[in-house]
Amino acid sequence: MGRDDRASAGGKEILVVLCHPRATSFSHAIADRCARTVETEGLRPLVHDLYREGFDPVARAEELDRGFSFDEQVQRFGAELSRARGLIVVHPDWWGQPPALLKGWVDRVFRPGVAYDIAGGDGAPTATVPLLTGKRALVFATTDDLSIPATLEAVWRTGVFAFCGIPDAEVRVFTDTRGSTHGRRERWLAEVEEVVRATFAAGGRP
Ligand SMILES: Cc1cc2nc3c(=O)[nH]c(=O)nc-3n(C[C@H](O)[C@H](O)[C@H](O)COP(=O)(O)O)c2cc1C
(Lines give C-alpha, C1' and ligand atoms only; values in the text may rest on other atoms or scores of the structure.)
Protein backbone atom coordinates (compact mmCIF):
# COMPACT_ATOMS: atom_id res chain seq x y z
CA MET A 1 0.00 0.00 0.00
CA GLY A 2 1.44 3.34 -1.02
CA ARG A 3 1.55 6.61 0.81
CA ASP A 4 -1.55 8.05 -0.92
CA ASP A 5 -3.66 5.00 -0.05
CA ARG A 6 -2.56 5.25 3.55
CA ALA A 7 -3.33 8.95 3.78
CA SER A 8 -6.83 8.47 2.41
CA ALA A 9 -7.66 5.25 4.26
CA GLY A 10 -10.55 5.65 6.67
CA GLY A 11 -11.50 9.27 6.10
CA LYS A 12 -10.73 11.95 8.62
CA GLU A 13 -11.40 10.27 11.95
CA ILE A 14 -8.81 9.07 14.43
CA LEU A 15 -9.99 6.95 17.33
CA VAL A 16 -8.25 7.99 20.58
CA VAL A 17 -8.70 5.49 23.42
CA LEU A 18 -7.54 6.45 26.91
CA CYS A 19 -7.39 4.03 29.82
CA HIS A 20 -6.31 5.50 33.16
CA PRO A 21 -8.56 5.81 36.23
CA ARG A 22 -7.14 9.12 37.49
CA ALA A 23 -8.25 12.26 35.63
CA THR A 24 -5.00 14.06 36.55
CA SER A 25 -2.77 11.30 35.16
CA PHE A 26 -0.02 11.95 32.65
CA SER A 27 -1.89 9.54 30.37
CA HIS A 28 -4.73 12.10 30.29
CA ALA A 29 -2.27 14.83 29.32
CA ILE A 30 -0.94 12.61 26.53
CA ALA A 31 -4.43 11.84 25.22
CA ASP A 32 -5.35 15.56 25.30
CA ARG A 33 -2.25 16.40 23.31
CA CYS A 34 -3.03 13.62 20.82
CA ALA A 35 -6.56 14.95 20.29
CA ARG A 36 -5.38 18.54 19.86
CA THR A 37 -2.69 17.53 17.39
CA VAL A 38 -5.15 15.45 15.38
CA GLU A 39 -7.44 18.50 15.16
CA THR A 40 -4.56 20.74 14.15
CA GLU A 41 -3.94 18.37 11.26
CA GLY A 42 -7.51 18.87 10.04
CA LEU A 43 -8.60 15.42 11.24
CA ARG A 44 -11.35 14.52 13.73
CA PRO A 45 -10.44 12.85 17.01
CA LEU A 46 -13.02 10.43 18.45
CA VAL A 47 -11.88 10.49 22.08
CA HIS A 48 -12.96 7.82 24.56
CA ASP A 49 -12.00 7.67 28.23
CA LEU A 50 -12.81 4.05 29.06
CA TYR A 51 -13.04 4.55 32.84
CA ARG A 52 -15.25 7.64 32.54
CA GLU A 53 -17.52 5.89 30.03
CA GLY A 54 -17.81 2.85 32.29
CA PHE A 55 -16.90 0.37 29.56
CA ASP A 56 -17.66 -3.21 30.58
CA PRO A 57 -14.49 -5.24 29.84
CA VAL A 58 -15.97 -8.70 30.44
CA ALA A 59 -16.37 -10.84 27.32
CA ARG A 60 -19.21 -13.26 27.98
CA ALA A 61 -19.92 -16.63 26.37
CA GLU A 62 -23.15 -15.50 24.65
CA GLU A 63 -21.36 -12.64 22.96
CA LEU A 64 -18.44 -14.78 21.81
CA ASP A 65 -20.74 -17.54 20.54
CA ARG A 66 -23.09 -15.18 18.71
CA GLY A 67 -20.38 -13.55 16.65
CA PHE A 68 -22.21 -10.29 17.21
CA SER A 69 -22.53 -7.98 20.20
CA PHE A 70 -25.82 -6.51 21.40
CA ASP A 71 -23.88 -4.07 23.60
CA GLU A 72 -24.28 -0.60 22.08
CA GLN A 73 -20.87 0.53 23.32
CA VAL A 74 -19.19 -2.44 21.63
CA GLN A 75 -21.16 -1.84 18.43
CA ARG A 76 -20.21 1.84 18.40
CA PHE A 77 -16.53 1.15 19.01
CA GLY A 78 -16.55 -1.46 16.26
CA ALA A 79 -18.11 0.99 13.79
CA GLU A 80 -15.63 3.72 14.73
CA LEU A 81 -12.66 1.37 14.49
CA SER A 82 -13.81 0.16 11.07
CA ARG A 83 -14.20 3.61 9.55
CA ALA A 84 -11.35 5.49 11.24
CA ARG A 85 -8.12 6.28 9.49
CA GLY A 86 -6.27 5.12 12.55
CA LEU A 87 -6.15 4.53 16.24
CA ILE A 88 -4.22 5.96 19.19
CA VAL A 89 -4.18 4.09 22.51
CA VAL A 90 -2.89 5.67 25.75
CA HIS A 91 -2.37 3.75 29.00
CA PRO A 92 -0.06 3.14 31.97
CA ASP A 93 2.06 0.00 32.35
CA TRP A 94 0.38 -2.27 34.89
CA TRP A 95 2.46 -5.39 35.44
CA GLY A 96 4.04 -5.13 32.01
CA GLN A 97 0.60 -4.99 30.38
CA PRO A 98 -2.26 -2.61 29.70
CA PRO A 99 -4.80 -2.26 32.54
CA ALA A 100 -7.44 -5.02 32.57
CA LEU A 101 -10.12 -2.59 31.39
CA LEU A 102 -8.18 -1.88 28.21
CA LYS A 103 -7.43 -5.57 27.68
CA GLY A 104 -11.17 -6.22 27.92
CA TRP A 105 -11.86 -3.43 25.44
CA VAL A 106 -9.58 -5.17 22.94
CA ASP A 107 -11.16 -8.56 23.72
CA ARG A 108 -14.66 -7.26 22.97
CA VAL A 109 -14.11 -4.67 20.22
CA PHE A 110 -11.41 -6.37 18.12
CA ARG A 111 -13.84 -9.10 17.18
CA PRO A 112 -14.36 -11.16 14.02
CA GLY A 113 -16.00 -9.05 11.37
CA VAL A 114 -14.41 -5.90 12.78
CA ALA A 115 -10.69 -6.49 13.26
CA TYR A 116 -10.21 -9.88 11.55
CA ASP A 117 -12.08 -12.81 10.07
CA ILE A 118 -11.31 -16.49 10.07
CA ALA A 119 -11.73 -18.27 6.77
CA GLY A 120 -11.91 -22.02 6.27
CA GLY A 121 -12.73 -24.50 9.03
CA ASP A 122 -14.99 -27.57 8.74
CA GLY A 123 -12.04 -29.58 7.47
CA ALA A 124 -10.62 -26.82 5.28
CA PRO A 125 -7.41 -25.11 6.43
CA THR A 126 -8.13 -22.04 8.48
CA ALA A 127 -6.63 -18.68 7.69
CA THR A 128 -7.07 -15.35 9.39
CA VAL A 129 -8.06 -12.39 7.30
CA PRO A 130 -6.94 -9.06 8.75
CA LEU A 131 -9.56 -6.33 8.48
CA LEU A 132 -7.65 -3.27 9.69
CA THR A 133 -5.21 -3.20 6.79
CA GLY A 134 -4.31 0.30 5.64
CA LYS A 135 -4.90 1.94 9.01
CA ARG A 136 -2.24 3.33 11.30
CA ALA A 137 -1.88 2.63 14.98
CA LEU A 138 0.03 4.38 17.75
CA VAL A 139 0.33 3.40 21.40
CA PHE A 140 1.64 5.66 24.17
CA ALA A 141 2.36 4.07 27.53
CA THR A 142 3.81 5.38 30.79
CA THR A 143 5.83 3.31 33.23
CA ASP A 144 7.76 3.78 36.44
CA ASP A 145 10.29 1.27 35.16
CA LEU A 146 13.66 2.66 34.12
CA SER A 147 13.64 0.59 30.93
CA ILE A 148 10.92 -0.28 28.44
CA PRO A 149 9.07 -3.50 29.33
CA ALA A 150 9.40 -5.78 26.26
CA THR A 151 5.97 -7.22 26.96
CA LEU A 152 4.19 -3.97 26.06
CA GLU A 153 5.57 -3.85 22.55
CA ALA A 154 4.89 -7.56 22.05
CA VAL A 155 1.28 -7.27 23.17
CA TRP A 156 0.43 -4.37 20.90
CA ARG A 157 2.65 -4.84 17.85
CA THR A 158 2.56 -8.62 17.50
CA GLY A 159 -0.40 -9.76 19.54
CA VAL A 160 -2.94 -7.19 18.40
CA PHE A 161 -2.03 -4.96 15.48
CA ALA A 162 0.08 -7.20 13.21
CA PHE A 163 -2.60 -9.90 13.50
CA CYS A 164 -5.25 -7.40 12.40
CA GLY A 165 -3.28 -6.03 9.43
CA ILE A 166 -1.21 -3.20 10.92
CA PRO A 167 2.36 -4.58 11.01
CA ASP A 168 3.97 -1.19 11.59
CA ALA A 169 2.12 0.00 14.70
CA GLU A 170 4.31 2.24 16.83
CA VAL A 171 4.61 1.80 20.59
CA ARG A 172 6.20 4.69 22.53
CA VAL A 173 6.86 4.07 26.21
CA PHE A 174 7.83 6.90 28.57
CA THR A 175 10.00 5.47 31.34
CA ASP A 176 10.52 6.57 34.94
CA THR A 177 7.31 8.58 34.82
CA ARG A 178 7.14 8.89 38.59
CA GLY A 179 10.64 10.37 38.73
CA SER A 180 10.16 12.72 35.79
CA THR A 181 10.37 16.48 36.07
CA HIS A 182 7.86 18.94 34.66
CA GLY A 183 10.35 19.83 31.95
CA ARG A 184 10.79 16.20 30.94
CA ARG A 185 7.01 15.73 30.68
CA GLU A 186 6.77 18.83 28.49
CA ARG A 187 9.39 17.32 26.19
CA TRP A 188 7.46 14.05 26.10
CA LEU A 189 4.29 15.91 25.13
CA ALA A 190 6.20 17.63 22.34
CA GLU A 191 7.34 14.17 21.20
CA VAL A 192 3.74 12.94 21.29
CA GLU A 193 2.73 15.83 19.05
CA GLU A 194 5.54 15.10 16.62
CA VAL A 195 4.77 11.36 16.38
CA VAL A 196 1.03 11.92 15.96
CA ARG A 197 1.64 14.46 13.22
CA ALA A 198 4.17 12.23 11.42
CA THR A 199 1.86 9.22 11.64
CA PHE A 200 -1.49 10.64 10.58
CA ALA A 201 -0.89 13.77 8.55
CA ALA A 202 -1.31 13.51 4.80
CA GLY A 203 2.20 13.05 3.47
CA GLY A 204 3.35 11.71 6.84
CA ARG A 205 5.78 8.84 7.15
CA PRO A 206 5.32 6.22 4.39
C1 LIG B 1 -1.99 -1.87 39.35
C2 LIG B 1 -0.71 -1.18 38.98
C3 LIG B 1 0.33 -1.94 38.45
C4 LIG B 1 1.53 -1.34 38.09
N5 LIG B 1 2.53 -2.10 37.58
C6 LIG B 1 3.71 -1.53 37.26
C7 LIG B 1 4.79 -2.31 36.75
O8 LIG B 1 4.69 -3.52 36.59
N9 LIG B 1 5.96 -1.69 36.46
C10 LIG B 1 6.11 -0.33 36.63
O11 LIG B 1 7.17 0.18 36.37
N12 LIG B 1 5.09 0.44 37.09
C13 LIG B 1 3.91 -0.12 37.41
N14 LIG B 1 2.88 0.65 37.88
C15 LIG B 1 3.07 2.11 37.93
C16 LIG B 1 2.48 2.77 36.69
O17 LIG B 1 3.05 2.28 35.52
C18 LIG B 1 2.72 4.27 36.82
O19 LIG B 1 2.07 4.74 37.96
C20 LIG B 1 2.22 5.08 35.68
O21 LIG B 1 2.74 4.65 34.46
C22 LIG B 1 2.61 6.51 35.87
O23 LIG B 1 1.66 7.30 35.30
P24 LIG B 1 0.56 8.05 36.20
O25 LIG B 1 1.31 8.91 37.18
O26 LIG B 1 -0.17 8.85 35.18
O27 LIG B 1 -0.21 6.97 36.89
C28 LIG B 1 1.69 0.07 38.26
C29 LIG B 1 0.64 0.83 38.80
C30 LIG B 1 -0.53 0.20 39.17
C31 LIG B 1 -1.64 1.05 39.75
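The values are calculated or read from the model by the stated rules, or taken from the named source; none is laboratory data. Quick caveat: nothing in here was measured; it's all calculated off a predicted structure. Don't worry about glycine lacking a Cβ; one is built from the backbone with ideal geometry, like all the others, and counts go over all protein chains shown.
Filter the strands (runs of 3 or more DSSP E) completely within the stretch 74-176 down to those with at least 3 residues that are surrounded by fewer than 23 Cβ atoms within 10 Å (Cβ to Cβ) and free of Cβ contacts under 8 Å to residues at least 12 places away in the same chain.
116-121, 124-130
From the list 193, 186, 170, which residue is touching a strand residue (DSSP E or B) at 6+ places or on another chain (Cβ under 6 Å), away from the ligand (no atom under 13 Å from the Cβ) and either modelled with pLDDT of 95 or more or under 24 Å from residue 52 (Cα atoms) (or both)?
Exactly one residue qualifies, and that residue is 170.
In the stretch 149-167, what count of residues is obtained for those that are touching a strand residue (DSSP E or B) at 6+ places or on another chain (Cβ under 6 Å) and among the small types (Gly, Ala, Ser)?
Matching residues across the stretch 149-167 total 1.
A quick yes/no check of all residues on (1) within 14 Å of the chain's Cα centre (by Cα); (2) within 18 Å of residue 31 (Cα to Cα); (3) hydroxyl-bearing (Ser, Thr, Tyr):
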position: 159; (1), (2), (3): yes, no, no
position: 170; (1), (2), (3): yes, yes, no
position: 181; (1), (2), (3): no, no, yes
position: 198; (1), (2), (3): no, yes, no
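Would you confirm whether any residue within the stretch 66-86 is at pLDDT below 95, among the hydroxyl-bearing types (Ser, Thr, Tyr) and over 17 Å from the mean Cα position of the chain (by Cα)?
Yes; the residues of the stretch 66-86 include at least one that is at pLDDT below 95, among the hydroxyl-bearing types (Ser, Thr, Tyr) and over 17 Å from the mean Cα position of the chain (by Cα).
Conditions (1) closer than 28 Å to residue 179 by Cβ; (2) in a helix (DSSP H, G or I); (3) more than 16 Å from the ligand (Cβ to nearest atom); (4) modelled with pLDDT under 95, marked per residue:
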| site | (1), (2), (3), (4) |
| --- | --- |
| 16 | yes, no, yes, no |
| 21 | yes, no, no, no |
| 27 | yes, yes, no, no |
| 30 | yes, yes, no, no |
| 33 | yes, yes, no, no |
| 36 | yes, yes, yes, no |
| 39 | no, yes, yes, no |
| 45 | no, no, yes, no |
| 56 | no, no, yes, no |
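Please specify each residue of the stretch 181-206 satisfying the condition of being in contact (Cβ under 8 Å) with a residue 40 or more places away in the chain and among the polar types (S, T, N, Q).
199
Please enumerate the residues belonging to the stretch 128-148 that are aliphatic (A, V, I, L, M) and in contact with a strand residue (DSSP E or B) (Cβ under 6 Å, 6 or more places away or on another chain).
Hits for the stretch 128-148 are 129, 131, 137, 138, 139, 141, 148.
Among the residues of the stretch 13-32, which ones are surrounded by 15 or more Cβ atoms within 10 Å (Cβ to Cβ), touching a strand residue (DSSP E or B) at 6+ places or on another chain (Cβ under 9 Å) and farther than 20 Å from residue 103 by Cβ?
Answer for the stretch 13-32, where residues must be surrounded by 15 or more Cβ atoms within 10 Å (Cβ to Cβ), touching a strand residue (DSSP E or B) at 6+ places or on another chain (Cβ under 9 Å) and farther than 20 Å from residue 103 by Cβ: 13, 14, 26, 32.
For the stretch 58-71: of the residues being surrounded by fewer than 12 Cβ atoms within 10 Å (Cβ to Cβ) and among the hydrophobic types (A, V, I, L, M, F, W, C), which is nearest to the ligand (Cβ to nearest atom)?
Taking the candidates together, the pick is 58.
Assess whether residue 176 counts as being over 27 Å from residue 55 (Cα atoms), in contact with a helix residue (DSSP H, G or I) (Cβ under 9 Å, 6 or more places away or on another chain) and away from the ligand (no atom under 16 Å from the Cβ).
Criteria not met by residue 176.
Condition (residue is within 16 Å of the ligand (Cβ to nearest atom), closer than 29 Å to residue 22 by Cα and of a type in the set (D, E, K, R)) applied to the stretch 88-106: is it met by at least one residue?
Within the stretch 88-106, one or more residues are within 16 Å of the ligand (Cβ to nearest atom), closer than 29 Å to residue 22 by Cα and of a type in the set (D, E, K, R).
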